[in-house]
Amino acid sequence: MPIKKDLSGLKRLIENAKSLEGRNQVPFLDVMNPLFISSVSRFGSFAEFAQGAGYVVLTSEDLEAIPDGPWDQFIRQETHFQDWAEMQKTALTEYTKNRLLSGIGR
């Protein structure tokens, strides 16, 4: 009796990897999405997270204007991350993993 091979998952993985090749610009809220934010904090969205720290972030300029010290301290208090850089790196890793595995039955 022959064994059937289903390589559709592997083919999809290759397609997904090709779509991530090179330099890509990813919308900030796609990376800091509600699923990620709610999995690492008590907040349901990035807007709520920033608001919890006392900031209103509507633009990239708003985010860049937040002082590093108080922001990192808030991140240490509200998440398991040591600072904003670590939180961003983890969020981007999660985003990339999800994109890579998109459409593959798990």
TODO: Could you check the simple spin-label distance between residue 95 and residue 51, using points 7 Å along Cα→Cβ, in nm with one decimal?
DONE: 2.2
Open item on the list: Rounded to two decimals, what is the ratio between the C-alpha radius of gyration of the stretch 27-101 and 2.2 N^0.38 Å?
Closed with: 1.04
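Rule-based calculations on the coordinates, nothing more; no lab input. Not measured: the values here are computed from a predicted model. Cβ: placed from backbone, ideal geometry, glycine included. Neighbour counts: every protein chain shown.
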